[in-house]
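Engineer: One structure, as structure tokens, below. Some questions next.
The values are calculated or read from the model by the stated rules, or taken from the named source; none is laboratory data. These numbers were taken from a predicted model, which means no experiment stands behind them. So basically every Cβ, Gly included, is an ideal-geometry build from the backbone, and we count neighbours across all protein chains shown. With ligands, DNA and RNA removed, areas are computed over all heavy atoms of the protein, side chains included. Shrake-Rupley method; radii C 1.70, N 1.55, O 1.52, S 1.80 Å.
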Amino acid sequence: MLNRHARGFFTSLFTPLARWLLRIGVSPDAVTIAGTAGVILGGLVLYPLGFLWWGSVVIAFFAFSDVVDGIMARLQGRSGGWGNFLDSTLDRLADGAIFAGLTIWFFTGGEDPGIAAAAVICLVLGMVVSYARAKAESLGYQASVGIAERAERLASVLLITGLTGLGLPPVALFVTLILLALASVITIVQRMSAVRRQAMAEADGTPAA
């Protein structure tokens with residue numbers, strides 16, 4: 001949902017930057033890799049050290065590379081399979097770094113095993129959400145449905161984690177992670193149901209709804 005509504009705004013915002021990067025010889029793949037490296041820095045270095053606010057700021061900054069590299073690829077007319085594959089694969093690394101970093105901090109210096117466990121659950125469920133769509137598309141089905149797509153998951157966890165670093169009671173982050181986990185479960189069920197409907201319709205020889 002957030003992806004669809006924000007796409008036009010961020011495309012307009014970052015198109016000048018994308019054009020400038022192309023002019024100086026930067027490739028979309030380089031932006032994708034640099035953005036992932038920045039997210040990993042925030043997630044696996046700053047978060048485990050307890051810098052929740054600055055970690056969230058760094059991650060949010062580099063997360064916009066997902067928008068910029070896509071614009072650059074379209075401007076070059078090369079929005080093909082390789083770019084999508086690279087982007088999706090590195091997105092999984094970035095997501096893992098964010099939730100792993102939270103897990104490390106709250107199991108150690110943060111001293112809140114409840115938040116750490118919730119972060120692990122969100123990490124696993126988030127991977128399943130992404131896998132369900134990827135597997136469906138590899139089989140020729142559509143599964144781009146659900147209430148907790150990647151943009152929603154990242155926006156909520158980064159916002160509340162950053163505010164926790166500024167003094168928000170940690171219970172707010174715990175509640176956010178629990179709600180995120182529940183939303184991820186619902187999204188998984190929605191995607192499985194969507195694929196099942198398409199598969200059953202295909203087996204019956206009728207168009208899927």
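Engineer: Restricting to Cα pairs below 8 Å that are 6+ residues apart, what does the relative contact order work out to for the chain? Please round to a whole percent. Walk me through the numbers before you get to the answer.
Structural biologist: Numbers: 251 pairs, mean separation 46.0, N = 209.
Once divided by the residue count of the chain, the mean separation gives 22 percent.
Engineer: Here's a follow-up. With the cut-off at 1.5 for a/c, could you classify region 60-209 from its C-alpha gyration tensor as rounded, prolate or oblate? Mind showing how you got there, number by number?
Structural biologist: On the way: a/c = 2.72, a/b = 1.48, b/c = 1.84.
It comes out oblate by the Cα gyration axes.
Engineer: Mind giving me the FRET efficiency for residue 12 and residue 34? R0 is 25 Å, r the Cβ-Cβ distance, nearest 0.05 is fine.
Structural biologist: The calculated FRET efficiency here is 0.65.
Engineer: Report, in whole Å, the centroid distance computed from the Cα atoms of region 8-56 and region 162-209.
Structural biologist: When both Cα centres are located, 26 Å separates them.
Engineer: How much of the accessible area of the chain, probe 1.4 Å, is carbon plus sulfur, in whole percent?
Structural biologist: Details: 7760 of 11040 Å².
After summing per-atom areas, the C and S share lands at 70 percent.
Engineer: With each label point set 7 Å from Cα along the Cα-Cβ vector, what nm distance links residue 201 and residue 49?
Structural biologist: Using points 7 Å along Cα→Cβ, the separation is 5.2 nm.
Engineer: Can you give the FRET efficiency for residue 88 and residue 171, using 1/(1 + (r/R0)^6), R0 = 41 Å, r = Cβ-Cβ distance, to the nearest 0.05?
Structural biologist: Details: r = 34 Å, r/R0 = 0.82.
In this case the efficiency is close to 0.75.
Engineer: Estimate the FRET efficiency between residue 19 and residue 124 by the formula 1/(1 + (r/R0)^6), using the beta-carbon distance for r and 41 Å for R0, to the nearest 0.05. Display every interim value, and only then the final one.
Structural biologist: Working: r = 39 Å, r/R0 = 0.96.
The value I calculate is 0.55.
Engineer: Sticking with this structure for a sec: In debye, nearest 20, what is the charge dipole magnitude of region 105-197 about its Cα centre with +1 on Lys and Arg Cβ and -1 on Asp and Glu Cβ, if you could check?
Structural biologist: 500
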